[in-house]
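Nothing in this text is a laboratory measurement; each read-out follows from the coordinates by a stated rule. Because the structure is predicted, anything quoted here is derived from the model rather than measured. Cβ atoms come from the backbone with ideal geometry, glycine included; neighbour counts cover every protein chain shown.
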Amino acid sequence: MIRAATLLTASLFALQTAPILAQQRPEPSGQASAQAQREPAAAPMSGAALGSARMGPERRFTGADLFDLALASDPQISPDGRYIAYVRRANDIMSDRAVSSIWLIDTSTGTEVPLAGRNGDAFNPRWSPDGDRLAYVSTEDGGPQLWVRWMDGGEAIRLTGLPTSPSSMAWAPDGDSIAYSMLVKDEGPALGAAPSQKPEGAEWAEPLEVRDLLTYRADGQGYIEPGFEKIFVVPATGGAPRQLTYGRYHDGGPLSWSPDGSTLYFGANRRADWESDPVESEVYALDVASGGFTQLTDRDGPDGQPVASPDGRLIAYLGFDDARRAYENDDLYVMNRDGSNVRNLTDGWDYSPSGIVWDADGRGLYAQYDISGETRVARIALDGSVRDVVEGLSGGGLDRPYTGGSFSVSDEDAIAFTGGTATRPAEVQLTRGGEARILTDLNRSLRSVKALGEVRRIATPSSHDGLEIEGWLTLPPGYREGQRVPLIPEIHGGPFAAYGPHFATDNQLYAAGGYAVLSANPRGSTSYGEGFANQIDKAYPGNDYWDLMSIVDRAIALGIADPDQLFVTGGSGGGVLTSWIVGK
């Protein structure tokens, strides 16, 4: 879990001169060969990289291609494993915004059909326990609302008319109701009042806005609306929602029902000082009938994302003992449903599990985790043994090669997940214990026309202390061995995050312009263990600079990077390191 605040810088600086022609290594005489003289220019990312009025199709990847890309996310397999509902994300060229729709795949035939999203965005599909209905959120009638579709006849109804978007939806075990969380807005503080006698036709300035939250705005969101996340339950056939939690605390996050439907489990920080200690949280059991709740955990550190076992005897959850470090791995715990007999299943396992799901027999859990820039799903047994069951998850983003992805599990332990490669965006895949099947091919036409840059793994010991630093080089399409090209290290944000061999539009756009792009994981990156991430604890920026310089030197030593054409860029924490590098 990350304690450090997200950094909000992004920049691009030239470390040397402006790019010149991408060229081969000079001949021993110092004169360029005739072949090198005929090499095309490595153009900066401008209009030259956005296509041209040529007679044939543009083979280079361009900015216009962003409107043709699609990405699979949030695959939800039905309880019987017959269908997968997933979210297809794309970019609309008419509105210049991201859009999402829900599609349904028949796992036996591979046939897929659209379910929702024709007249607005649709996302967060969730199957009913019997698989006969699918709940989801849609903006079809304006703001985001909770909808349910009956799968036998295809009819869909809007269940809610909410003022803000529902999230964390969870079906009751009997299928009669759906729990969700929602922001309940608060008026917030006010500073005086305007005079009551406003002349007719007068145009007065907007009243002053008062913000008294300790964290009052968020990256990509702006000012945070005053209010608190609360838990509700609504009948699955429609009706008035019932609010279950109250108070000036946030009660959101994943929700889990007990098998008998009497209790909802959730994680929250309900301490009086919750604003000044945002890392803290505990697991609570909420009585659905009365609204009363019981605190099940109590320690210095975050406990949350509880999931009840199939028989209801155990509660699994994620958390850690807060040692006041910049980065700390989550551990997977189980406890009795009354909060007793707590056991750490991942003590000594140096990775951070997420997205936990019980297996069908209740003898273990599935969890997603990152390792060396890649994302996998492991089965973690109640005896603490760990076994990988899925590799190659992808879909943490589209613009840059972050780790990530998502998965779901059927009643018979079939696993649907998003998987991709460095040259293929995330697709829906399915495994039933053997080799995974790819069920979608969302960008087939684009991949058949466009020449994408090859991606190669590189690694080197850091010049600071010999710590191995890993990265991936995206090469210009058609790259030939021995050809030296301009290099752009593109540094990830966080700083507690990781790049890996995942598709990235930014990298492919730079590569189409003749650049090699280096996506490296310096110390402080996740997926290499807690100790590696904490190399920058109270020392950021610091020796991560030497890691980045070392892997740039490695790209030069491999004969790929031109030492006279070096550039650097990065977002958020990567922007901080970009400024640090330029200023050294």
Computed FRET value (nearest 0.05) for residue 584 with residue 214, which takes r as the C-beta separation and R₀ as 25 Å:
0.15
When only DSSP loop residues count, what GluC sites (Glu not before Pro) in segment 442-509 have their Cβ near at most 12 other Cβ atoms within 10 Å?
481
Charges only on Cβ, +1 for Lys and Arg, -1 for Asp and Glu: so what's the dipole of the chain about the Cα centre, in debye to the nearest 20?
1600 debye
Leading residue at positive end of dipole, the chain (Cβ point charges), from 516, 144, 226:
516
